[in-house]
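Colleague: Supplied in structure tokens, the structure appears directly below.
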There are 2 protein chains.
Amino acid sequence: MGKIRLTGKNKGDNAMRIGIDMGGMSFKLGLVDDDNRIVARHVIPTELDIPYQDMIRKTAQAVRDLTEKAGVALEECTGIGVGTPGMLDDTGRVILYSNNFGWENVPFAEEMEKLLPLPISMANDADAAALGEVCAGAAQGARSAVLLTLGTGVGGGVIIDGHIFHGPVRGGCEIGHMVIAAGGETCTCGRSGCMEAYCSASALIRMATEEMEKSPESALRKLCDEAGGKMNGKIPFDAAQMGDEAGRRVIDEYESYLACGIANVINIFRPEKVILGGGVAAQRDNLTVPLTEMVKNMCFGNPYGEVADIVVSVLGNDAGIIGAANLV
Amino acid sequence: MGKIRLTGKNKGDNAMRIGIDMGGMSFKLGLVDDDNRIVARHVIPTELDIPYQDMIRKTAQAVRDLTEKAGVALEECTGIGVGTPGMLDDTGRVILYSNNFGWENVPFAEEMEKLLPLPISMANDADAAALGEVCAGAAQGARSAVLLTLGTGVGGGVIIDGHIFHGPVRGGCEIGHMVIAAGGETCTCGRSGCMEAYCSASALIRMATEEMEKSPESALRKLCDEAGGKMNGKIPFDAAQMGDEAGRRVIDEYESYLACGIANVINIFRPEKVILGGGVAAQRDNLTVPLTEMVKNMCFGNPYGEVADIVVSVLGNDAGIIGAANLV
């Protein structure tokens, strides 16, 4: 499980694998070849108002539809990998709890295996995406990397020596819920000061909204008005680039917390790469260049310790599918 | 390297190993049997005013003296494990940098192997102590544990599946230098708000000294005066137990930061045990009982995630020797 398949290796034995990225809006399926290319795709809507058994049946049918579309027999595939939100049990086969789906104790792998002649492997969706980036994306060639997705929350996936690291006991590696500012902003998890409460896109929007209210003459305000009065994570970056002081303050604050969280990740995991994903990562060099400068002075043991490269994800939504396929 | 030797296993093959705990004051050597008992000991003073080559020669001689004292031939031992402060290189054989010893790029393992007919394995001293507690101490029987030493600084050692986790690239896993209070107290590492700056014995003494100055009528003050005006990490615990409000405030503050750091460790590593060592851990249940209560409500995914037991180290200084021996 989680073994890296090196591009170009075993070309003679080009076994296909199926990757499924289970999201709150849709389940995205891909047929993935040995070079980690998605050679066929299929998508079904996530239906949460039906019993999970029915959703699993629809997923199994979607697997059949995918392979049929690609003209590949199911038996030619080596297995199915699944990335799911929420927490898996110790066997990695039961979804103990998924907030997004409202599922509890769903024996997903077992039910799927009753319907399909292929073995099922599962992982948390953020972990699968991290594995995808290591197998075929921004951290290709690295044996170790940490993916931080900066979206509604801060998701995290840690790859050590080509394998997903999720800790030995149930609960998973939740980097987004590492407190970096004790007693600070309330997090969705109930604690105060988590990385998620300072480094998510939602946190950036909160910071920008607060700053905009204090600075009615700012470009930050103007850009928000032009966007119909709805702040988003791009506006403060745009304002800062226009030379707007309010926008600059927001970005400086956001980046200082993000640098703090990334330096913690480096001090703890010493990965070769830190990959930023999610909406905020669309800023690319705008984000990675200043962060690299800030982080390099924060890591313990510098100049003796190695400081990871900070890069942005390149696979986007495909990371989850490719990573899931590499669970097989 | 780092493989757990289960007590009672392989009794027929009772090979001895030598463990060396290199400290700033002394190098402590132990001959460790297959049941992880230290059957002979030897100590030499750490001499930092001589060339490292000479200190290595003295260490090799100390190994010979140890085995001679025990009546065991060197050849009956399987190897020598060494726990050292500072940072090792990627091969784990060269001390890249040790602040305590003032050493840089010291090829310790190679030099020792020139002088002794045994293979040398090395690890960071906190890592070795963590391994010792897992092999024969507070986390015996666990496959995974995190040791946090609450002393002058906050040291950390992480054991995953019976092996020391130090991250894939140079620099080590430095849990003490995880920022938990961004922008807070300055840490010895140069950052602000590290766990070390809030959870070390030094931090506790700082908090107690500040509180004492604000509360001249407190038991905290009285106990400090009785101790010759020198605050220590025991006084605030004693004052709190006497019902002193100033003492209680110090302990509440200290424990809230420590709980925060421990909950981060659990959210990141999901170990079976968190072991507290160092001077502050002498408080035992005084510390672990309230911490257990605080931490259990802080961990992500509770009640679905598992929350590690919080225990205190039982091997004390022997953890480093036994852990080092288990590097062999």
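The values are calculated or read from the model by the stated rules, or taken from the named source; none is laboratory data. Keep in mind the model is a prediction, meaning the values are calculated, not measured. Note that we place each Cβ from the backbone using ideal geometry, even for glycine, and neighbour counts take in every protein chain shown. Heads up: the accessible areas ignore ligands, DNA and RNA and are worked out on the full protein's heavy atoms, side chains in. Shrake-Rupley method; radii C 1.70, N 1.55, O 1.52, S 1.80 Å.
Colleague: Tell me which residues come under 5 Å, amide H to amide H, from B:Asn124 once H is placed; ignore anything under 5 positions away on its chain.
Modeller: When sequence neighbours closer than 5 places are left aside, the close amide H contacts are B:Thr84.
Colleague: When the C-alpha atoms of the stretch B:55-111 are aligned to their principal axes, what extent does each axis show, in angstrom, from largest down?
Modeller: That works out to 36, 20, 16 Å along the principal axes.
Colleague: Can you flag which of A:Lys234/A:Lys273; A:Lys114/A:Lys273; A:Lys234/A:Lys296 are past 28 Å Cα-Cα?
Modeller: Violating the 28 Å Cα-Cα cut-off are A:Lys114/A:Lys273.
Colleague: Helix A:285-296 against the longest principal axis of chain A: what's the angle in degrees, Cα atoms only, rounded to the nearest 10?
Modeller: 80
Colleague: Same structure again: Express the relative contact order of the stretch A:190-289 as a whole percentage, based on alpha carbon pairs under 8 Å and six or more residues apart in sequence.
Modeller: 27
Colleague: Averaged across A:267-277, how many Cβ atoms of other chains sit within 10 Å of each residue's Cβ atom?
Modeller: Mean partner-chain Cβ count within 10 Å for A:267-277: 5.
Colleague: Looking at chain A only, what percent of DSSP beta bridges run antiparallel? Nearest 5 please.
Modeller: 60
Colleague: For A:Ala15, place a label point 7 Å out from Cα along the Cα→Cβ vector, do the same in each other copy, and report the separations in nm, one decimal, smallest first.
Modeller: 3.6
Colleague: Sticking with this structure for a sec: Using only alpha carbon pairs under 8 Å that are at least six residues apart, calculate the relative contact order of chain B and give it in whole percent.
Modeller: It rounds to 21 percent for chain B.
Colleague: Something else now. Quick one: which residues, 5+ away or cross-chain, put their amide H under 5 Å from the amide H of A:Val39? H built at 1.01 Å from N.
Modeller: Counting only residues 5 or more places away or on other chains, the set is A:Leu31, A:Val32, A:Asp33.
Colleague: Alpha carbons only, please: Rg and Dmax for the stretch A:73-217, in angstrom.
Modeller: 18.3, 64
Colleague: Using only the alpha-carbon atoms of the stretch A:178-267 as identical scatterers, what base-10 log of I(q)/I(0) does the Debye formula give at q = 0.12, 0.13, 0.20, 0.23 Å⁻¹?
Modeller: Reported log10 I(q)/I(0), two decimals: -0.37, -0.43, -0.87, -1.03.
Colleague: Can you give the FRET efficiency to the nearest 0.05 for A:Asp252 and A:Asp161, using r as the Cβ-Cβ distance and R₀ = 51 Å?
Modeller: 0.90
Colleague: Turning to a different aspect of this structure: Taking only the Cα atoms of chain A, how large is their convex hull per residue, in Å³?
Modeller: Hull volume over Cα atoms, normalised by residue count, gives 143 Å³.
Colleague: Taking the label point 7 Å from Cα in the Cβ direction, how far apart in nm is B:Glu210 from each other copy of itself, listed shortest first?
Modeller: Copy-to-copy label distances for B:Glu210: 2.1 nm.
Colleague: Keeping the other protein chains in place, figure out the carbon and sulfur percent of the accessible area of the protein assembly as shown, with a 1.4 Å probe.
Modeller: Ligands and nucleic acids excluded, carbon and sulfur give 48 percent.
Colleague: Mind checking the mean number of beta-carbon atoms from other chains within 10 Å of the Cβ atoms in A:302-308?
Modeller: 5
Colleague: Further, regarding this structure: Dipole of the stretch B:203-273 (Lys/Arg Cβ +1, Asp/Glu Cβ -1, origin at the Cα centre): which of B:Ile251, B:Asn264, B:Leu220 lies farthest to the positive side?
Modeller: B:Asn264
Colleague: Could I ask something else about it? If you average over every viewing direction, what projected area does the convex hull of the Cα atoms of the stretch B:188-328 give, in nm²?
Modeller: 10.4
Colleague: Roughly what % of DSSP beta bridges within the stretch B:60-213 run antiparallel, to the nearest 5?
Modeller: 75
Colleague: So what is the 222 nm mean residue ellipticity for chain A from helices alone, if each DSSP H run of at least 4 adds -39500 (n - 2.57) and you divide by all residues, rounding to the nearest 500 deg cm²/dmol?
Modeller: Rounded to the nearest 500, the figure is -11000 deg cm²/dmol.
Colleague: Further question: Using a 1.4 Å probe, what is the accessible area per residue for the protein assembly as shown, in Å²?
Modeller: 39
Colleague: If you don't mind, there's one more thing I want to ask. Looking only at the stretch A:107-129, which residues have a backbone nitrogen under 13 Å from a spot 7 Å from the Cα of A:Glu75 in the C-beta direction?
Modeller: Backbone N within reach: A:117-118.
Colleague: Once B and A are treated as a pair rather than alone, how much accessible area drops out, both sides summed, in Å² to 100, probe 1.4 Å?
Modeller: For B against A, buried area totals roughly 3600 Å².
Colleague: If you don't mind, there's one more thing I want to ask. Between the stretch A:8-82 and the stretch A:95-121, what's the alpha-carbon centroid distance in Å?
Modeller: Each part's Cα centre sits 14 Å from the other's.
Colleague: Something else about it: Report the gain in length on full extension from A:Asn297 to A:Arg57: 0.36 nm times residue separation, minus Cα-Cα distance, nm rounded to one decimal.
Modeller: 81.2 nm
Colleague: Which translational diffusion coefficient, to the nearest whole µm²/s, is obtained for the stretch A:273-328 from the Stokes-Einstein equation, given a Kirkwood hydrodynamic radius over C-alpha pairs, 20 °C and 1.002 mPa s?
Modeller: In µm²/s, the coefficient rounds to 167.
Colleague: Roughly how many debye, to the nearest 20, is the charge dipole of the protein assembly as shown about its Cα centre, given +1 on each Lys and Arg Cβ, -1 on each Asp and Glu Cβ, and no other charges?
Modeller: It comes to approximately 740 debye.
Colleague: Using r as the Cβ-Cβ distance of B:Asn105 and B:Thr188, and R0 as 25 Å, what FRET efficiency do you calculate, to the nearest 0.05?
Modeller: In this case the efficiency is close to 0.65.
Colleague: Taking the Cα atoms of the protein assembly as shown, what is the range of coordinates along each of the three principal axes, in descending order and whole Å?
Modeller: Largest first, the protein assembly as shown extends 76, 64, 43 Å along its Cα principal axes.
Colleague: Still on this structure: Evaluate the distance, in nm, between pseudo-label points positioned 7 Å from the Cα of A:Glu245 and of B:Thr46 along their respective Cα→Cβ axes.
Modeller: Each label point is offset 7 Å from its Cα along the Cβ direction, giving 5.1 nm.
Colleague: Also, quick follow-up: So what J values fall out for the stretch B:143-160 if you push phi through Karplus, 6.51 cos²θ - 1.76 cosθ + 1.60 with θ = phi - 60°, rounded to Hz, Gly and Pro as x?
Modeller: 8, 9, 6, 10, 9, 10, 9, 9, x, 3, x, 10, x, x, x, 10, 10, 10
Colleague: For the stretch B:36-84, report the convex hull volume of the alpha-carbon atoms normalised per residue, in Å³, without decimals.
Modeller: 93
Colleague: Report, by chain and number, residues whose modeled amide H sits under 5 Å from the one on A:Cys77, excluding near sequence neighbours (fewer than 5 apart, same chain).
Modeller: none
Colleague: Can you compute the FRET efficiency between A:Glu68 and A:Val314 using 1/(1 + (r/R0)^6), with r the Cβ-Cβ distance and R0 = 30 Å? Round to the nearest 0.05.
Modeller: That gives a FRET efficiency of 0.50.
Colleague: Would you work out the charge dipole size for the stretch A:195-291 about its Cα centre, treating the Cβ of every Lys and Arg as +1 and the Cβ of every Asp and Glu as -1, and quote it to the nearest 20 debye?
Modeller: 260
Colleague: Report, in debye and to the nearest 20, how large the dipole of the stretch A:76-147 comes out about its Cα centre when Lys and Arg carry +1 and Asp and Glu carry -1 on their Cβ.
Modeller: With Lys and Arg at +1 and Asp and Glu at -1, about 180 debye.
Colleague: I'd like the trypsin sites (Lys or Arg not before Pro) in the stretch B:253-303 restricted to DSSP loop residues with at most 15 other Cβ atoms within 10 Å, sorted by number.
Modeller: Taking the stretch B:253-303 and a limit of 15 other Cβ atoms within 10 Å, the loop trypsin sites (Lys or Arg not before Pro) found are B:Arg284.
Colleague: Restricting to DSSP loop positions (anything but H, G, I, E, B) with no more than 16 other Cβ atoms inside 10 Å of their own Cβ, which GluC sites (Glu not before Pro) remain in the stretch A:125-190?
Modeller: For GluC sites (Glu not before Pro) across the stretch A:125-190 that sit outside H, G, I, E and B with at most 16 neighbouring Cβ atoms in 10 Å, the list reads A:Glu185.
Colleague: Give me the aspartates and glutamates in straight-line cross-link reach of B:Lys222: C-alpha distance below 14 Å, same-chain residues under 8 apart excluded.
Modeller: B:Glu211, B:Glu213, B:Asp238, B:Asp244, B:Glu245
Colleague: What nm value, rounded to one decimal, do you get for the distance between B:Asp285 and A:Ser26 when each label is placed 7 Å out toward the C-beta?
Modeller: Result for the modelled spin labels: 5.9 nm.
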